[in-house]
Amino acid sequence: MFTGIIEEIGTVRTIRTGAKSCVIDIAAQRILSDVHMGDSIAVNGTCLTVCRFDGQSFSADVMPETMRRTNLGLLKAGSQVNLERAMAANGRFGGHIVSGHIDGTGRILSLRREDNAVWVHIGADASVLRYIIEKGSVAIDGISLTVAKVTGKDFAVSIIPHTASETTLLTKRAGDLVNLECDIIGKYVERLCGNPQKTGGITAEFLAGHGFI
């Protein structure tokens, strides 16, 4: 489990591609201080397993499903990526619950400065947007952010200077793809409630039948 608080920006050293997969090698410093074989590291929000490491970099296998769901297949040597180690049991919960399991990608529509912040508007499929709510949490390339605006086609976040300097988000341009992970709580609630959207939405009868009222 992760929190969406980026610890370090790493640099892709090499990518060895297979038919539908790849092995990625990433140069880093801070996160390697206590790394072990089999550790989980979020790369642009995608939970990957360390399969090799030394004092300067680590490698991870990326399977076909991950290639399909994320933007990792677009990386190349020299690309910068957001890195976060799995949360320690005695750590602070500075962001929100992030599993590292990407729901899908979104496309940056625009970036616009407002005083000390930058608005980033991102378009996404309806299957992702259904779980995004105003003032809720979303992980964008692994960064825990608060949703400021949402419509039926896109949503927006506002980036403060600290986030801009500690992550890769504002190095992106309009048209770039970013990994999106929605708040996990909403997905579990929907699953346990039997997806009421398929039956016309939540009603008083639905809430009463499931013990909410």
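The values are calculated or read from the model by the stated rules, or taken from the named source; none is laboratory data. Everything quoted here is computed from the prediction, not taken from an experiment. When we count neighbours, we look across all protein chains shown, and the Cβ atoms used for this are built from the backbone with ideal geometry, even at glycine. Each accessible area value is taken on the protein alone, full model and side chains, heavy atoms only, with ligands, DNA and RNA left out. Shrake-Rupley method; radii C 1.70, N 1.55, O 1.52, S 1.80 Å.
Filter region 110-156 down to residues that are among the hydroxyl-bearing types (Ser, Thr, Tyr) and either in contact with a helix residue (DSSP H, G or I) (Cβ under 6 Å, 6 or more places away or on another chain) or surrounded by fewer than 18 Cβ atoms within 10 Å (Cβ to Cβ) (or both) and give me whichever is nearest to ALA42 (Cα to Cα).
Filtering first and then ranking leaves THR146.
Residues of region 77-125 being farther than 18 Å from SER144 by Cα, of a type in the set (Gly, Ala, Ser) and touching a residue at least 60 places away in the same chain (Cβ under 8 Å), which ones?
Of everything in region 77-125, those that are farther than 18 Å from SER144 by Cα, of a type in the set (Gly, Ala, Ser) and touching a residue at least 60 places away in the same chain (Cβ under 8 Å) turn out to be ALA77, GLY78, SER79, SER110.
Restricting attention to region 151-198, and to residues there that are of a type in the set (D, E, K, R) and not in a loop (DSSP other than H, G, I, E, B), which single residue is farthest from GLY104 (Cα to Cα)?
Taking region 151-198 as the starting set, the residues that turn out to be of a type in the set (D, E, K, R) are 153-154, 166, 172-173, 176, 181, 183, 187, 190-191, 198.
Now narrow it down to the ones that are not in a loop (DSSP other than H, G, I, E, B): 154, 166, 181, 187, 190-191, 198.
Details: ASP154: 14, GLU166: 23, GLU181: 7, LYS187: 14, GLU190: 18, ARG191: 18, LYS198: 21 Å.
Across region 151-198, the extreme among qualifying residues is GLU166.
Any residue in region 186-209 that is open to solvent by 50 Å² or more (accessible area, probe 1.4 Å) and in contact (Cβ under 8 Å) with a residue 40 or more places away in the chain?
Yes, the conditions are met somewhere in region 186-209.
Starting from region 126-141, keep only residues that are over 27 Å from GLY10 (Cα atoms), then list their pairs with residues that are of a type in the set (Ser, Thr, Tyr) and at pLDDT 95 or above whose Cβ atoms are within a distance under 7 Å, requiring at least 6 positions of separation or different chains.
LYS135/THR146
Open to solvent by 40 Å² or more (accessible area, probe 1.4 Å) and within 20 Å of CYS47 (Cβ to Cβ), is that true of THR105?
On the way: open to solvent by 40 Å² or more (accessible area, probe 1.4 Å): yes; within 20 Å of CYS47 (Cβ to Cβ): yes.
Against the criterion (open to solvent by 40 Å² or more (accessible area, probe 1.4 Å) and within 20 Å of CYS47 (Cβ to Cβ)), THR105 qualifies.
Check whether at least one residue in region 162-181 is among the polar types (S, T, N, Q) and open to solvent by 30 Å² or more (accessible area, probe 1.4 Å), and report yes or no.
So far as region 162-181 goes, yes, one or more of its residues are among the polar types (S, T, N, Q) and open to solvent by 30 Å² or more (accessible area, probe 1.4 Å).
Can you work out which of the residues in region 19-76 that are of a type in the set (Ser, Thr, Tyr) and touching a residue at least 12 places away in the same chain (Cβ under 8 Å) is nearest to ILE6 (Cα to Cα)?
The qualifying residue nearest to ILE6 (Cα to Cα) is THR46.
Out of region 139-176, which residues are small (Gly, Ala, Ser) and at pLDDT 95 or above?
Keep residues of region 139-176 that are small (Gly, Ala, Ser), which gives 139, 142, 144, 148, 152, 156, 158, 164-165, 174-175.
If the condition is that a residue be small (Gly, Ala, Ser) and at pLDDT 95 or above, then ALA139, GLY142, SER144, ALA148, ALA156, SER158, ALA164, SER165, ALA174, GLY175 are the ones that fit.
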